[in-house]
Structures are given as structure tokens and as C-alpha cells.
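Report on the structure given below.
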Amino acid sequence: MSIITVQLGQCGNQIGFEVFDALFSDSHCPHGLCSKRENEAYQASCKERFFSEEENGVPIARAVLVDMEPKVINQTLSKAAQSGRWKYGQRSCFCQKQGSGNNWAYGYSVHGPRHEESIMNLIQKEVEKCDSLSGFFIIMSMAGGTGSGLGAFITRNLQDQYSNSLKMNHIIWPYGTGEVIVQNYNSILTLSHLYRSSDALLVHENDALHKICAKLMNIKQISFRDINQVLAHQLGSVFQPTYSEEGSSHYRRNPLGDLMENLVPHPEFKMLGVRNIPQMSEHSLAYSTFTWAGLLKHLRQMLISNAKMEEGIDWQVRPPLSGAPTLGKMSVNKNLHFNTSLANLVILRGKEVHSADLGGFKDPALYTSWLEPDNAFNMWKTQRAFNKYEKSAALVSNSQFLVKPLDMIVGKAWNMFASKAYIHQYTKFGIEEEDFLDSFTLLEQVVASYRNL
């Protein structure tokens, strides 16, 4: 089944390019560490998901590119074409001459309705090219105007027009120190609208990605391209094909559906995060060896201590004792910042993958009391290695990892709202104070629900 990617705004288009490039590079990588037949099946499965029929032998990305300024889309199109390996469709782009000026309301209330028909027609054409549609993967930032405002508008439209297809929004969480003065307003409006119309929100935090570039990749002067490549690597390690079940040699057909089924057991809990191990520069990789036991020990501790990478993990954090009264569990959580999970999916790729022991992720103490570990934990495997890594593991988690950053964004936005700062920039485009209050209410409820896991 195929996934249609919708790339929105500068951020969405730059990330989208790196994601398709990483998927293509990996599926054509000669170091797959598996038989030729397996490799061909893996390539075919990747192609069906993300690329449509070839034009002159060059696969075309199943994507729609949208931005309100032409510069980034033109750069993205030419970079893909210059690679000579894959490209975007000639008629799969929509751009205008005037951006949204970092104003969510302008993206949502002006650009959205004005260009709705043109953008939805492009999406419809992509849908018609799919034999069967798994759903939509929508890449956007939440701090600016076009990605966030127009992104929320398009997601709502997709929900109306394709109610039976799944929608996963990939959201870039802004730097804590700030990129845009109104980023907290834009963020709460984006999140609250997506919570109503999307099936899952897969979140990457810029601060965490920046740290990975600095500490693990040893990059001295970090560019957005470096950050986007780390991010694309993590997404690739989730979305590339894996076997449908233990002992099977067939790749799963419906990646978005399987992800949602494994990770979103309740509509109140839609926030997903990705952790990935190992992740390092090619230079370091040449001198490194890994065991499944070592990788999974680190990955489990990253999960329970809410670490975004394997460096600087807090090994003091321990799961509360199973069977301890809930009150005790709550106070332990508060003291040691234990990250309680609702659902986890571990994806293993590479050598001797069937020998990996995932028992540590089935401990009931890791999960909320109302889900059995059998329902809360899933694993996907393939012995096909990913992107030059002999062994690698990805963890997609629905847990309390975003409680603190979300609480902070809501708090900062509320402080500005209480003094009515910049509100006039939103009301003049039809977003009223009521809309802000609705957003605060919804997100405070989300924070409370996750806190009570």
C-alpha cells in the first residue's frame, strides 16, 4: 500500500527531500547484508510505498509540495532532479509569490480557503496513481505560518475528503529559545487543530536533533540540512519495510495502519516520538561493533529516562516496582522523572536479528495500568540492514515524553495571551480570542491525560 507525503512550507519541503533521498539511498544500498532475493523484495516494497512508476527509468516520489513562496520548492525540485536517482512529479507542486509572514491565522484563514481547490486537486491526482492507499504523511513545522496554519487547514480537509484513509502529521517542534516571537501561539493553534483532525502526531524536537548532530555526529557548524538528515535517517528506520510477523518473509503491506494500530490505542493519546540507536558519523561507524543486548539495554534506558540519544542517559532512573500502589508509583515518577508509556514499538534491522531479546520492553512497570504489556508492546524485524548499520534499532513510543515541552509552550503562550500581546495580528484574519481559549483548554486536557498515565 502506498503513502502520499504532503510537504508543507519551507521546513516540510526541505525535510521531505531528505526523507525521500534517505529512503531511496537505503533501498539501493549494496550493504544490505541479505540475499539478492530479499534485497529485491525490500526494494519493491519501498518503491510501492513511496515512489510511483518510473519516467525514463527514474522513480517519482509520491508527494505533493506546497509552499506560499517559490524559492524552496524550486530548490527542492532541482536537487531531486540533479540527483538523477529519483525525482518529484512535474505537476505535483503548488506555490505562490507571497508567504504567510509567520502568521498562523494567515495560513489557515487566508491561504487555506483561497487555494484549497488547487491543492486538493493535486492530492487527488496523487491518490489516483495509487493501487491502494495506506494514508497521508504530512510534514510541517508548527512555529511558522504556512506549514502550521495551512498545514492544519489541509489536514482538516483531508479528514473531510478521505475520512477512511489514515493521516499522520510529522511535526517539527521549535527550538526552546525561539525562532519567531509568536511561535508559541502558532504552536498551540497547530497542535489543537491537528488533535481534532489527525490520527497521530509524530514529533521531532529541534533541540534534540541539534544535540544529536553535535554530540553523536560530531558536526561543528550545524546547518538545517544536517538536522534534516538526522531526522530523515530516523524516519527511514521506522518506515522502511519490515516483515509482517515472526518467521515471515513477507513485508508488511500497510505501514501507517500497522503503526496506528500498535501505537494509538485511544484518541486522547496521539503524540508519538522516535528514538534511534546507534546514530553516528561514518568515520566512527568504521571503528564500532554492536551487540543486540547492548543496543537494547541503552534503548530501554533511553525510553524510561526520556533521553533522546544514547549519550548522557540517566542510569539512575528505574521503573517503579510492579504491584506498588499507584500512589507510590506517582511519587516515584515525580522524583526520578520516570517516563511512563502507553504503547511502544521496537523496530530491529540487521544481522542476527532473530537472536535479539526484547523481554526488557515487556515489563508491566513500563506501562500505564490499563493496558497489558501484550497489547502495549510490539516489535517489527527484518535482517535487511539499514543504511550502513550492521545492526540498528528504532523505538516509536507513545509516552509522557512531551508533557514538559507541551506544558512549557502552553504556559508561554498563555502569558502572552493574558496581556493580549500580538492578538490583533490573528483577529484581523478571523481567529478570535475564543479560538485561542479552545486551544488552551484542549491542550491542557492532553497534558493532564498524559500526566495521569
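The values are calculated or read from the model by the stated rules, or taken from the named source; none is laboratory data. Since this is a predicted model, take the numbers as computed values, not measurements. All Cβ positions, even for glycine, are placed from backbone atoms using ideal geometry, and neighbour counts span all protein chains on display. In case anyone asks, the SASA skips ligands and DNA or RNA and just uses the protein heavy atoms, side chains included. Shrake-Rupley method; radii C 1.70, N 1.55, O 1.52, S 1.80 Å.
Within the range 70-112, can you find the residues that are within 28 Å of VAL182 (Cβ to Cβ) and in contact with a strand residue (DSSP E or B) (Cβ under 6 Å, 6 or more places away or on another chain)?
Correct list: PRO70, ILE73, CYS93, PHE94, CYS95.
Let me confirm something: among TYR367, TYR422, TYR389, which residue is open to solvent by less than 10 Å² (accessible area, probe 1.4 Å) and not charged (D, E, K, R)?
None of the other options fit; the residue is TYR367.
Restricting to the range 1-17, count the residues that are farther than 20 Å from GLN90 by Cβ and open to solvent by less than 10 Å² (accessible area, probe 1.4 Å).
Total satisfying the criteria: 3.
Would you say PHE94 is in a strand (DSSP E or B), in the same structural domain as VAL6 (by the TED database) and buried (at least 23 other Cβ atoms within 10 Å of the Cβ)?
Here the answer is no, as PHE94 does not meet what is asked.
From the list SER439, SER392, SER449, which residue is touching a residue at least 60 places away in the same chain (Cβ under 8 Å) and in a strand (DSSP E or B)?
SER392
Of the residues GLU54, GLU38, GLU48, only one is exposed (fewer than 14 other Cβ atoms within 10 Å of the Cβ) and assigned by the TED database to the domain that holds VAL6; which?
Residue meeting the stated conditions: GLU54.
So which residues in the range 48-85 are free of Cβ contacts under 8 Å to residues at least 40 places away in the same chain and assigned to a helix (DSSP H, G or I), if there are any at all?
PRO70, LYS71, ASN74, GLN75, LEU77, SER78, ALA81, GLN82
If you check SER284 against the conditions, is it at pLDDT 85 or above and hydroxyl-bearing (Ser, Thr, Tyr)?
no
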